Amino acid sequence: MKPTHPYSDPVDQLARMLLVRAYEDRIAALAAAGPFPASCPSAGQEAAAVGVVSALGADDLILTNHRSAGHLLARGADPGRLLAEVMGRETGYCRGRSGSLHISAKELGVVLTSTIVGGELSLAPGVALARSLLGRPGIVTCFFGDGAACEGIFHESINLASVWNLPVLFVCENNEWQAYVHRRETMLTDSIAAHAAAYGVEGRSVDGNDVAAVHAAALAAAAQVRASGRPFLLEARTYRARGHLEPDDQSHVDAGELAHWQARDPIALARERLIAAGQLDLDGFARLGAEARARIDAAVEFAVQSPYPDPAELLANVYA
Amino acid sequence: MKPTHPYSDPVDQLARMLLVRAYEDRIAALAAAGPFPASCPSAGQEAAAVGVVSALGADDLILTNHRSAGHLLARGADPGRLLAEVMGRETGYCRGRSGSLHISAKELGVVLTSTIVGGELSLAPGVALARSLLGRPGIVTCFFGDGAACEGIFHESINLASVWNLPVLFVCENNEWQAYVHRRETMLTDSIAAHAAAYGVEGRSVDGNDVAAVHAAALAAAAQVRASGRPFLLEARTYRARGHLEPDDQSHVDAGELAHWQARDPIALARERLIAAGQLDLDGFARLGAEARARIDAAVEFAVQSPYPDPAELLANVYA
Amino acid sequence: MLTLTPYEAIDQALAEEMRRDPTVLMFGEGVATKRRALSDEFGGQRVRNTPLAEAIIAGTAVGAAATGLRPVVDLLFAPFLCYAMDAIVNSAGKLRYVSGGQFAFPLVTLAMTGGGWGVGAQHNHNVEAWFVHSPGLKVVMPSDAADFKGLLKTAIRDDNPVLFFVDLGLLHTPGEVPAGEFTVPLGQAAVRREGDDVTLVAYGKSVAACQQAARTLAEQGRAAEVIDLRTLKPLDEATILASVRKTGRLVLVHEASRPCGVGAEIAALVAEQAHDALKAPIVRVTGPDAPAPASFVLEQAFTPQADAIVAAVQRLLG
Amino acid sequence: MLTLTPYEAIDQALAEEMRRDPTVLMFGEGVATKRRALSDEFGGQRVRNTPLAEAIIAGTAVGAAATGLRPVVDLLFAPFLCYAMDAIVNSAGKLRYVSGGQFAFPLVTLAMTGGGWGVGAQHNHNVEAWFVHSPGLKVVMPSDAADFKGLLKTAIRDDNPVLFFVDLGLLHTPGEVPAGEFTVPLGQAAVRREGDDVTLVAYGKSVAACQQAARTLAEQGRAAEVIDLRTLKPLDEATILASVRKTGRLVLVHEASRPCGVGAEIAALVAEQAHDALKAPIVRVTGPDAPAPASFVLEQAFTPQADAIVAAVQRLLG
Ligand SMILES: Cc1ncc(C[n+]2csc(CCOP(=O)(O)OP(=O)(O)O)c2C)c(N)n1
Ligand SMILES: Cc1ncc(C[n+]2csc(CCOP(=O)(O)OP(=O)(O)O)c2C)c(N)n1
Ligand SMILES: [Mg+2]
Ligand SMILES: [Mg+2]
């Protein structure tokens, strides 16, 4: 199910969203059941992840952060190797050294993931600079949260990308939360895209729970970055449907807010649209969900069977 | 010549500008003549410094940076103690421990000067927070350069001051240079005040070489900060008339740019205006200049006669 | 005596000091959400959530400290201090000296450090030695619930910037805490166990590893003295030197990496000032000079364990 | 042989490596303005001025290094590294390990450090030990013009992040540099003077202070061996240990503050591995644990001078 990039079939996109959801649901279940390594779930944000990643080409690179499962799976990551990484197994993408919070998968073009909030923003211009100077194809997409937009490095990153004409598609997944702090406690204005203008960069906000809208906006933004060689700031307005870290009872979250966004679940929205358009029926939807869950079953099996790293290799890969 | 704050008489303001110029001219002469401690001259920026500082009240606090002589002298600092500090003497405002680059003078309300570009921006919200929570009067004015506006901390500082409703008057002295880099190499847009809106803050640019315009803008901005308890971003468009550090031949500076700004010398502009308005004649102007130079003569004398710190006190004041 | 976890002990210390002194306040990312009892008692002015921006959190603490408040800021995990270095090192640590003594900086930064959560090198990195190496700062890293409370109270009252490191592995382990008001002075190590054969010096969770090692050694007839540093700066040199002069043998234990760590400093101190008392080489048992791995099995291998300490002592005692 | 200042030697190294390898580039605040010959030869793509923003300068170097370039960035003065710590420590130092070896980070950061300019603590702060303490990094600090050139060339070719500290006090002092192509390996100390009575270990401008002290001592009939570390990480342990095994006495000299400095690390190393060879206590002669003062007289008192080294050796030799 590794897609050819970009992939525009809405059914493919929905299938990918269901895979992300199945992955996150499974991790939530495992975390609820007992001690399980920490991870930051991307449930609720599937449309933003799939909408953007499905708009990227095979040569494009992605930088992401702690809440990366959607980006990785949308890019075609093997859920077995992801889960193996989360569980600290040698078969994980990072040989169990990363755990869930900074998974890179160079073979998929997902590079330099940092769980330091803003870390990915600090690295993205350099990746784009290398591509430009080496004459390599592809743009650089950098995912970050509304919280990361509070870090000074956001400002430094977008400014440098602008001044140096670097092909970076900045994608802010504004999910209304920054761990245990609501976005409204951290900024007075509502739009993160609004910062772009002061850097001479184009910015745009899109409904981040509407995968078709995100995909269209990301295609257009990526095309513009490719053509101009300049950055673009795309903001996807979405919502973190689960807690910051699994498990979390979300007791600090306003029930009305939660209900509002539950009613805008990105998978339900995509399903309704496809059914209304006659591109899918309920059986088809159920089958896609079952397929996704079955892949995750297999992935868990793979991860659980995988060996832990050998402590004798504790010191491998400190230096090149 | 310690003024009562605020001071609005344009002749007083001109006298103060002349004092700054005489101070900087003298340091330039000393630096040209032989080894002299490093300092960053504020010549050319006298209108910005005096225009803002003359608009502040006695209770207001000032945070500044490496290019601070104008702010300090406008606030009533003793040029003898400033020069003593620059020359590393015990009689300096910081007992010779600072040197020119981070002179604080708490007795004048000039606190926490940092020569780390952006350092003053990181400290200003806390100073304002203390004033608010302790119920003390006065606002906090934070001077910084166009270069500091490139540091992420600028973004973090103005955002926090906005979200927490802190009475900070941010004053950007945009002097077109950041050490050996032209401002246009560092940002695509022309106005630093334009950043304010995205933080829900009011911003305004003013001709920084017109002391009357700066003073009026600063009075209005300070009044607004006082009344609202909220930050304001005031940008003074000015020019660094001398090099970054004394001595400097300015060989990297475009001659046309230099000429353009020389024709807009803030002291000449103020003089012409006062003469045209009949508030001053050429003799009066000459007398003000001579007085300023005489004060600097005495200041140099004081500094040169002052003792160096005692090496036995090398370790004083590391801890409280 | 009360039984509290260090997490609870920290909360108690904060509440008591905020009650005692109206200039004490606390802020950080999620502080108001997570320390609910504090924010209920002291309100939104004194217990604040912040934007996600460590540099300005620290800078604001420094500015506020210099002008009348006594802030405590929670910077969450030690690696996030990387964003706050300018405010801590260049401002809080230096501006008193630079200004010729015009300002003081009574502030505390809290940060969790060390293994135990399996989330890898960008959350788990012991950088306390950076701050020991930097002028004008104090550094504290307690090992039990009572010290978490007593040292934090003292740190809040101190007129200098204090880095208060919270060893994550200890955070939820209950311990005994005196019931009434008490404080623990900065700069004073605790001799946790007396012994004549070898001195074990540690801090944070490595103290427990030393205690365990000492018990094992006792069974083998070896008497280890265990010193818990509690404060890393200023260092209690007298207690360390007195112990080494007694035992003649020294093993230094910490999870932080070896080069230029706190163990190096103590080894140097002893090699300078108690050379003649040393009967054997000094030994360091530390975390490796590598980023911390996430995988549980590797994280365990990363952290100094009692058996490695026992083995080191056995080598020393022959 | 050529006679070059370290500043010129750095320029030569940069020019030669940029000629040799088209992926080498350089950027920083004012680099294109100040290193005019480089920007004339290599153009604006490869020699760049940057916005005034150390965090993104360093981050951009790290991102570029991982994806095909070999950046050299000039961060000007060591205290400004405080803004760049996340990129250097959390990204460059850790992401190779964290990713299970997927990336390498061939980059060099230049920063001036140390006294000699009289501008105070926010420009003058020796923080090299921070990076020795951090995993995944290499740290270089040369003491003469030839090493500035040879070590910088090697640092640029190394596949790991290298912190290259430029001791300001040396920058404009001419020295001899071999005329043709040459490199100096990382991790190899230089024995600058041989002697049997005491080992003096130093780096940066403290090497000259040791040399001067050694000359004075020679007049008194004492033979000091002078070791110039050149690379602080990886440390050339073998050379240090061999010398101490020969002389039995060790004096460590650096301008950086004492606690958890490089001297502490070497003292610990020797106390661990050459304890039996030590005939006397180890001595550290370092800058004080204080911010650096601006005033020239205080700055002089701050920096370790030859007479303090001589006095230390005299105490040791009785
Ligand atoms: C520098 C830093 N500060 C704090 C944290 C702890 N932390 C991890 S995720 C997170 C919230 C991030 O918010 P946002 O950027 O909006 O991303 P989201 O988690 O909402 O996807 C925080 C505070 C961190 N990892 N790094
Ligand atoms: C963090 C940091 N980076 C670099 C420097 C070196 N430096 C000192 S002043 C300066 C230029 C500052 O430009 P700007 O903020 O515009 O102020 P100006 O000097 O023009 O008044 C630079 C790069 C510094 N002191 N601190
Ligand atoms: Mg968020
Ligand atoms: Mg400027």
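Looking at this structure, is C:Leu241 outside the structural domain of C:Gly116 (by TED's automatic domain parsing), part of a helix (DSSP H, G or I) and either at pLDDT 95 or above or at negative phi (or both)?
Values: outside the structural domain of C:Gly116 (by TED's automatic domain parsing): yes; part of a helix (DSSP H, G or I): yes; either at pLDDT 95 or above or at negative phi (or both): yes.
For C:Leu241, the condition - outside the structural domain of C:Gly116 (by TED's automatic domain parsing), part of a helix (DSSP H, G or I) and either at pLDDT 95 or above or at negative phi (or both) - is met.
For a quick check of your reading: which strands (runs of 3 or more DSSP E) sit entirely within segment C:143-212 and have at least 2 residues that are surrounded by 24 or more Cβ atoms within 10 Å (Cβ to Cβ), aliphatic (A, V, I, L, M) and over 11 Å from the mean Cα position of the chain (by Cα)?
Numbers: elements: C:162-167, C:175-177, C:190-193, C:198-202.
Of the strands (runs of 3 or more DSSP E) lying wholly inside segment C:143-212, those with at least 2 residues that are surrounded by 24 or more Cβ atoms within 10 Å (Cβ to Cβ), aliphatic (A, V, I, L, M) and over 11 Å from the mean Cα position of the chain (by Cα) span C:198-202.
Name the single residue, out of those in segment B:216-248 being under 18 Å from B:Gly51 (Cα atoms) and part of a loop (DSSP other than H, G, I, E, B), that is farthest from ligand 4 (Cβ to nearest atom).
This residue is B:Ala241.
Looking only at residues that are away from ligand 2 (no atom under 16 Å from the Cβ) and among the acidic types (Asp, Glu) in segment B:177-207, which one is nearest to D:Thr50 (Cα to Cα)?
Looking at the filtered set, the residue picked out is B:Asp207.
If D:Thr50 satisfies every condition in (1) within 13 Å of chain A (Cβ to nearest Cβ); (2) within 16 Å of ligand 4 (Cβ to nearest atom); (3) in contact (Cβ under 8 Å) with a residue 40 or more places away in the chain but one, which is the exception?
(3)
Is it true that some residue in segment D:46-55 is under 20 Å from D:Lys149 (Cβ atoms) and either modelled with pLDDT of 95 or more or assigned by TED's automatic domain parsing to the domain that holds D:Val162 (or both)? Steps first, answer last, please.
Of the residues in segment D:46-55, the ones under 20 Å from D:Lys149 (Cβ atoms) are D:46-47.
Checking which are either modelled with pLDDT of 95 or more or assigned by TED's automatic domain parsing to the domain that holds D:Val162 (or both) leaves us with D:46-47.
Scanning segment D:46-55 turns up at least one residue that is under 20 Å from D:Lys149 (Cβ atoms) and either modelled with pLDDT of 95 or more or assigned by TED's automatic domain parsing to the domain that holds D:Val162 (or both).
Give me the residue from segment A:164-190 that is away from ligand 3 (no atom under 14 Å from the Cβ) and either touching a residue at least 12 places away in the same chain (Cβ under 8 Å) or touching a Leu at 6+ places or on another chain (Cβ under 6 Å) (or both) and, out of that set, nearest to B:Trp164 (Cα to Cα).
That would be A:Phe170.
Find the strands (runs of 3 or more DSSP E) located wholly in segment D:1-75 whose residues include 2 or more that are closer than 24 Å to B:Ser251 by Cβ, and list them.
Values: elements: D:2-4, D:24-28, D:47-49.
Because the criterion is at least 2 residues that are closer than 24 Å to B:Ser251 by Cβ, the strands (runs of 3 or more DSSP E) in segment D:1-75 that meet it are D:24-28, D:47-49.
Would segment B:27-34 turn up any residue that is more than 16 Å from ligand 3 (Cβ to nearest atom), within 22 Å of B:Ala270 (Cβ to Cβ) and at pLDDT 95 or above?
yes
For segment A:147-176, which residues satisfy the criterion of being closer than 14 Å to B:His155 by Cα and either more than 16 Å from ligand 2 (Cβ to nearest atom) or of a type outside the set (A, V, I, L, M) (or both)? Explain how you work it out, then say what you get.
Restricting attention to segment A:147-176, the residues satisfying the condition of being closer than 14 Å to B:His155 by Cα are A:147-159.
Matches in segment A:147-176: A:Gly147, A:Ala148, A:Ala149, A:Cys150, A:Glu151, A:Gly152, A:Phe154, A:His155, A:Glu156, A:Ser157, A:Ile158, A:Asn159.
Which is assigned to a loop (DSSP other than H, G, I, E, B) and away from chain D (no Cβ under 14 Å), of B:Thr91, B:Thr4?
Numbers: B:Thr91 fails: away from chain D (no Cβ under 14 Å).
One residue alone meets the criteria, B:Thr4.
Report yes if some residue within segment A:13-25 is outside any helix (DSSP H, G or I), under 17 Å from the mean Cα position of the chain (by Cα), at pLDDT 95 or above and of a type outside the set (S, T, N, Q); otherwise report no. I'd like the intermediate steps shown before the answer.
Initial filter on segment A:13-25 (outside any helix (DSSP H, G or I)): none.
No; the residues of segment A:13-25 include none that is outside any helix (DSSP H, G or I), under 17 Å from the mean Cα position of the chain (by Cα), at pLDDT 95 or above and of a type outside the set (S, T, N, Q).
Any residue at all in segment B:252-265 that is within 16 Å of the chain's Cα centre (by Cα), surrounded by 16 or more Cβ atoms within 10 Å (Cβ to Cβ) and among the aromatic types (Phe, Trp, Tyr)?
no
Being surrounded by 24 or more Cβ atoms within 10 Å (Cβ to Cβ), more than 19 Å from A:Asn317 (Cα to Cα), facing chain D (nearest Cβ under 8 Å) and out of contact with any His (no Cβ under 6 Å at 6 or more places or on another chain): is that true of A:Ser68 here? Step through it out loud before you land on a result.
Numbers: surrounded by 24 or more Cβ atoms within 10 Å (Cβ to Cβ): yes; more than 19 Å from A:Asn317 (Cα to Cα): yes; facing chain D (nearest Cβ under 8 Å): no; out of contact with any His (no Cβ under 6 Å at 6 or more places or on another chain): yes.
Here the answer is no, as A:Ser68 does not meet what is asked.
Before we move on, is B:Val163 within 13 Å of chain A (Cβ to nearest Cβ) and either within 26 Å of A:Ala196 (Cβ to Cβ) or at pLDDT 95 or above (or both)? Don't jump to the end; show me each part of the working.
Details: within 13 Å of chain A (Cβ to nearest Cβ): yes; either within 26 Å of A:Ala196 (Cβ to Cβ) or at pLDDT 95 or above (or both): yes.
Taking the combined requirement at face value, the residue satisfies it.
Restricting the search to segment A:167-206, which residues are within 26 Å of A:Pro125 (Cα to Cα), in a strand (DSSP E or B) and not aliphatic (A, V, I, L, M)?
Across segment A:167-206, the qualifying residues are A:Phe170, A:Cys172, A:Glu173, A:Asn174, A:Trp177, A:Gln178, A:Glu202, A:Gly203, A:Arg204, A:Ser205.
Looking at A:Leu188, is it away from ligand 1 (no atom under 16 Å from the Cβ) and either surrounded by 22 or more Cβ atoms within 10 Å (Cβ to Cβ) or over 21 Å from C:Glu29 (Cα atoms) (or both)? Explain how you work it out, then say what you get.
Values: away from ligand 1 (no atom under 16 Å from the Cβ): yes; either surrounded by 22 or more Cβ atoms within 10 Å (Cβ to Cβ) or over 21 Å from C:Glu29 (Cα atoms) (or both): no.
So A:Leu188 fails the test.
What's the total number of residues in segment B:103-148 that are facing chain C (nearest Cβ under 8 Å), touching a residue at least 12 places away in the same chain (Cβ under 8 Å) and within 16 Å of ligand 4 (Cβ to nearest atom)?
4
Looking at segment D:95-124, which of its residues are closer than 30 Å to B:Leu101 by Cα, out of contact with any Ser or Thr (no Cβ under 6 Å at 6 or more places or on another chain) and at the interface with another protein chain (Cβ under 8 Å from one of its Cβ atoms)? Can you show your working first?
Here is the first cut: in segment D:95-124, the residues closer than 30 Å to B:Leu101 by Cα are D:108-124.
Next, from what is left, pick out any that are out of contact with any Ser or Thr (no Cβ under 6 Å at 6 or more places or on another chain): D:108-114, D:116-119, D:121, D:123-124.
Answer for segment D:95-124, where residues must be closer than 30 Å to B:Leu101 by Cα, out of contact with any Ser or Thr (no Cβ under 6 Å at 6 or more places or on another chain) and at the interface with another protein chain (Cβ under 8 Å from one of its Cβ atoms): D:Trp117, D:Gly118, D:Val119, D:Ala121, D:His123.
Restricting to segment D:76-92, count the residues that are touching a residue at least 40 places away in the same chain (Cβ under 8 Å), more than 12 Å from ligand 2 (Cβ to nearest atom) and more than 7 Å from chain C (Cβ to nearest Cβ).
Counting residues in segment D:76-92 that are touching a residue at least 40 places away in the same chain (Cβ under 8 Å), more than 12 Å from ligand 2 (Cβ to nearest atom) and more than 7 Å from chain C (Cβ to nearest Cβ) gives 2.
For segment D:11-29, does any single residue satisfy the condition of being aliphatic (A, V, I, L, M), over 27 Å from D:Thr173 (Cβ atoms) and either modelled with pLDDT of 95 or more or crowded, with 24+ Cβ neighbours inside 10 Å (or both)? It would help to see each step written out before you state the result.
As a first pass, look at segment D:11-29 and keep what is aliphatic (A, V, I, L, M): D:13-15, D:18, D:24-26.
Checking which are over 27 Å from D:Thr173 (Cβ atoms) leaves us with D:25.
Still in the list and also either modelled with pLDDT of 95 or more or crowded, with 24+ Cβ neighbours inside 10 Å (or both): D:25.
Yes, there is a match, as at least one residue in segment D:11-29 is aliphatic (A, V, I, L, M), over 27 Å from D:Thr173 (Cβ atoms) and either modelled with pLDDT of 95 or more or crowded, with 24+ Cβ neighbours inside 10 Å (or both).
Looking only at segment C:283-314, filter to residues that are over 24 Å from D:Phe131 (Cα atoms) and not in a helix (DSSP H, G or I); which one of those is nearest to the other protein chains (Cβ to nearest Cβ)? Before the answer, list the steps.
First, the residues of segment C:283-314 that are over 24 Å from D:Phe131 (Cα atoms): C:295-297, C:300, C:305-314.
So of that shortlist, the ones also not in a helix (DSSP H, G or I) come out as C:295, C:305.
Values: C:Ser295: 3, C:Gln305: 12 Å.
If we take residues in segment C:283-314 being over 24 Å from D:Phe131 (Cα atoms) and not in a helix (DSSP H, G or I), then C:Ser295 is nearest to the other protein chains (Cβ to nearest Cβ).
Residue check: is C:Ala37 closer than 15 Å to C:Leu110 by Cα, touching a helix residue (DSSP H, G or I) at 6+ places or on another chain (Cβ under 7 Å) and either crowded, with 22+ Cβ neighbours inside 10 Å or at pLDDT 95 or above (or both)? So that I can check it myself, show each step before the final result.
Numbers: closer than 15 Å to C:Leu110 by Cα: no; touching a helix residue (DSSP H, G or I) at 6+ places or on another chain (Cβ under 7 Å): yes; either crowded, with 22+ Cβ neighbours inside 10 Å or at pLDDT 95 or above (or both): yes.
No: the conditions fail for C:Ala37.
Contact list please: Cβ distance under 9 Å, first residue in segment D:151-169 and over 21 Å from D:Gly101 (Cα atoms), second residue small (Gly, Ala, Ser) and in a strand (DSSP E or B), pairs at least six apart or on different chains.
These pairs meet every condition: D:Phe164/D:Ala111; D:Phe165/D:Ala111; D:Val166/D:Ala111.
Check B:Ser68, B:Ser98, B:Ser39 and return the single one that is within 12 Å of the chain's Cα centre (by Cα) and touching a residue at least 12 places away in the same chain (Cβ under 8 Å).
Details: B:Ser98 fails: within 12 Å of the chain's Cα centre (by Cα); B:Ser39 fails: within 12 Å of the chain's Cα centre (by Cα).
Exactly one residue qualifies, and that residue is B:Ser68.
Kindly list the number of the only condition in (1) free of Cβ contacts under 8 Å to residues at least 60 places away in the same chain; (2) in a loop (DSSP other than H, G, I, E, B) that fails for A:Ala312.
A:Ala312 satisfies all of (1) free of Cβ contacts under 8 Å to residues at least 60 places away in the same chain; (2) in a loop (DSSP other than H, G, I, E, B) except (2).
Just one of D:Val73, D:Val62 is more than 8 Å from every other protein chain (Cβ to nearest Cβ), touching a Phe, Trp or Tyr at 6+ places or on another chain (Cβ under 9 Å) and buried (at least 24 other Cβ atoms within 10 Å of the Cβ); which is it?
On the way: D:Val62 fails: more than 8 Å from every other protein chain (Cβ to nearest Cβ).
D:Val73 is the lone residue from the list that is more than 8 Å from every other protein chain (Cβ to nearest Cβ), touching a Phe, Trp or Tyr at 6+ places or on another chain (Cβ under 9 Å) and buried (at least 24 other Cβ atoms within 10 Å of the Cβ).
The values are calculated or read from the model by the stated rules, or taken from the named source; none is laboratory data. Fair warning: this is a prediction, and the values are worked out from it, not measured in the lab. For neighbour counting, all protein chains shown are included, and Cβ atoms are generated from backbone atoms with ideal geometry for every residue, glycine included.
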